[in-house]
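Every read-out reported here was derived from the displayed coordinates using simple, explicitly stated rules and does not represent laboratory data. Predicted model only: the values in this text are computed from it and were never measured. Here the Cβ positions follow ideal geometry from the backbone for every residue, glycine too, while neighbour counts run over all protein chains shown.
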Amino acid sequence: MDELTYNIQDRAPWCMLFADDIVLVDETREGLNSKLGMWRNALESKGLRLSRTKTEYMECNFSKTRGGPNDIILDSQTIPTKDVFKYLGSFIQKDGAIEHDVNHRIKAGWVKWRSASGVLCDPKIQNRLKGKFYKSAVRPAMLYGTECWAVKKQHSHKMGVAEMRMLRWMTGHTRNDRIRNEEIRRKVEVAPIEEKMRENRLRWFGHIQRRPMDAVVKQGDMVQVPGVRRGKGRPKLTWGTVIEKDMAVLGIKENLVLDRCEWRKRIHIADPN
């Protein structure tokens, strides 16, 4: 795909490819229609075809000024407009929120947990071994993509509540047993998922900061759309603000990221034992 479309590709994040998944971004609907037509012609000239059923359109109108009356058209067919769509395992919302993705990660964790409940709820298996299984099979499903979340307290709390329900069932306890969460975690040797989320965010932040200025991930982090004005009321929480709070909690500075080994050591959250 890269070779076939090399001449029409734009820099990230205005054009992004992953295998045969394509993301096209523009500031106006007219510009997006133009890009879509150019890509359709380029691919069809090579014997390929853009899917008419899987192609979706989402408008993130943060400034409330962009856009126009035009629809997004692909070969005389109007592309359906979505408020939420799934891309590479994560859900993206038009308002930039993450509630849908948080719910999806929790559901994904429960799917993994239920598929292994015969092992995780077996009283004959040691809690420590159950914890190891949980950390290798269930927790990664819940943490996928969380390093990019501008997470709020309610999101972290929701993830933590779901995890504690899993851990209590694994140990055969309910809330009626009045056993503290810390004791449950000590039995299965599992650190709070909220802290592992923070570790993931800071690890990803360190990776971005160490990349060269022309790296795609760096360009995506630094992109700014001119002319967008903040609306009334309290400003929305940004990923950068969350990172600043994370570093303040751990008492570390941004310049430490250049020392990869020390950065990893300082942000690591060890599971209890």
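Note on GLU44/LYS86: beta-carbon distance plugged into 1/(1 + (r/R0)^6) with R0 of 30 Å gives a FRET efficiency of 0.70. Here the extension length gained between CYS261 and ALA97 equals 55.8 nm, from 0.36 nm per residue of separation less the Cα-Cα distance. Ranked for footprinting exposure by Cβ neighbours inside 10 Å, fewest first, CYS148, CYS261 give CYS261, CYS148. Here the calculated FRET efficiency for HIS268 and ASN70, from their Cβ-Cβ distance with R0 = 45 Å, stands at 0.35, rounded to the nearest 0.05. Run the reach check for LYS152 against aspartates and glutamates, Cα to Cα strictly under 18 Å, same-chain hits fewer than 8 apart removed. What comes back? Hits, sequence-local ones excluded: ASP95, GLU99, ASP101, GLU163, GLU194, GLU195, GLU199, GLU244, ASP246.
FRET efficiency for the VAL161 to THR241 pair, using the beta carbon distance and R₀ = 22 Å, is estimated at 0.40.
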